[in-house]
Amino acid sequence: MDLVRRTRRGNSILRFLATLESNLVDIHSHVLYGMDDGARTLEESVALLKIAAEAGTTDLVATPHASPQYKFEPALIRERMAELEAASDRPVRLYTGCDFHLSFDNIEDALLNRRKYTINQNRYMLVEFSDLIIFHNTAEIFGRLLDADMVPIITHPERNPLLRLRMEEISKWVEQGAYVQVTGQSLLGHFGKKALDFCEALLKHNLVHFLASDGHNAKHRPPTLDSAFAWVAQRHGEALAHMLCVTNPQAVLTGGTVEAAPTETGKSSRKWFQKWRKP
Ligand SMILES: [Fe+2]
């Protein structure tokens, strides 16, 4: 019981430290209203920014979906962002980006419009895989994006059942030049044990470069990173938490260099892939 109390206290202290640090940078959120399944009204958008700011986030990328369900409209995004900035007294700095669904049409359009979908119109771009199919030529697709100076950031692979079967491919895509973002709430167990276990395996093998909230609403999926920061700091050290929630996301905003943490296992080898038990 004492240990539980101490752990809870430790978590809340680290959470508090994350808030004090006050420069958490969140590269994935759905705070712009009326664009997708995120915020529905301007008031809700304003409330989400307030929640983010109170949890220590200073910079937030609004990343509406570009998917068969939701049309991606850059002009409307800029309009909504200006509206939100005017209505909210700017408690956090906002940037544009996209939750880019990896589909044939989207890929073709991105190759024709190189900064349409990237974060802050720089080099990095969130890439969300379908839950139903993983293209066998994903490495080739990533190669084409990289050649066009668009760097894919694979979003929440831990939440995709097909990607959870593809640890080795993820590692190869990272070697090729892609990066990985996990959802903060996955670390807290909100997406189930399989997602959490996969996050742990990714972290262990140095395959996580960012935490992001993927915030959609105030109640179930808030745009906050402080608890996830505390979770990483407690289990893997504050330096890694800082890298995943502050320095790497900052580098994305400016098109700078993203760092990777040293691995526990040293150089990657095929051996650990064999040890990783598929769910
Ligand atoms: Fe998202």
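The values are calculated or read from the model by the stated rules, or taken from the named source; none is laboratory data. Values in this document were obtained by computation on a predicted structure and should not be read as measured data. Virtual Cβ from ideal backbone geometry, glycine too; neighbours counted across all protein chains shown.
Considering only residues of the range 110-138 that are of a type in the set (A, V, I, L, M, F, W, C) and within 15 Å of Tyr179 (Cβ to Cβ), which is surrounded by the fewest Cβ atoms within 10 Å (Cβ to Cβ)?
Per the criteria, the residue is Phe129.
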Inset, instruction - Give just the number: which of (1) closer than 20 Å to Met125 by Cα; (2) part of a helix (DSSP H, G or I); (3) of a type in the set (Val, Ile, Thr) does Val46 not satisfy? - result: (1)
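Here's a check for you: in the range 206-256, which residue that is among the basic types (Lys, Arg) and more than 15 Å from the ligand (Cβ to nearest atom) is farthest from Gln121 (Cα to Cα)?
If we take residues in the range 206-256 being among the basic types (Lys, Arg) and more than 15 Å from the ligand (Cβ to nearest atom), then Arg235 is farthest from Gln121 (Cα to Cα).
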Legend entry - Unmet requirement for Ala55, which otherwise passes all of (1) farther than 30 Å from Val246 by Cβ; (2) more than 16 Å from the ligand (Cβ to nearest atom): (1)
Legend entry - Residue count for the range 171-186, restricted to those that are part of a helix (DSSP H, G or I) and away from the ligand (no atom under 16 Å from the Cβ): 6
Inset, instruction - Go through the residues of the range 17-28 one by one and say whether even a single one is of a type outside the set (A, V, I, L, M, F, W, C), on the phi > 0 side of the Ramachandran plot and modelled with pLDDT under 95. - result: yes
Inset, instruction - May I ask you to list pairs of residues, at least six apart or on different chains, whose Cβ atoms are under 7 Å apart, with the first in the range 246-272 being under 30 Å from Tyr117 (Cβ atoms) and the second being basic (Lys, Arg) and at pLDDT 50 or above? - result: Gly255/Arg123
Inset, instruction - Scan the range 131-170 for residues that are in contact (Cβ under 8 Å) with a residue 24 or more places away in the chain and either acidic (Asp, Glu) or away from the ligand (no atom under 16 Å from the Cβ) (or both) and report the count. - result: 27
Legend entry - Single residue of the range 67-101 satisfying the filter (crowded, with 20+ Cβ neighbours inside 10 Å and within 11 Å of the ligand (Cβ to nearest atom)) that is farthest from Ser130 (Cα to Cα): Gly97
Legend entry - Residue, nearest to Asp105 (Cα to Cα), within the range 35-52, restricted to residues that are away from the ligand (no atom under 16 Å from the Cβ) and in contact with a Lys or Arg (Cβ under 9 Å, 6 or more places away or on another chain): Leu42
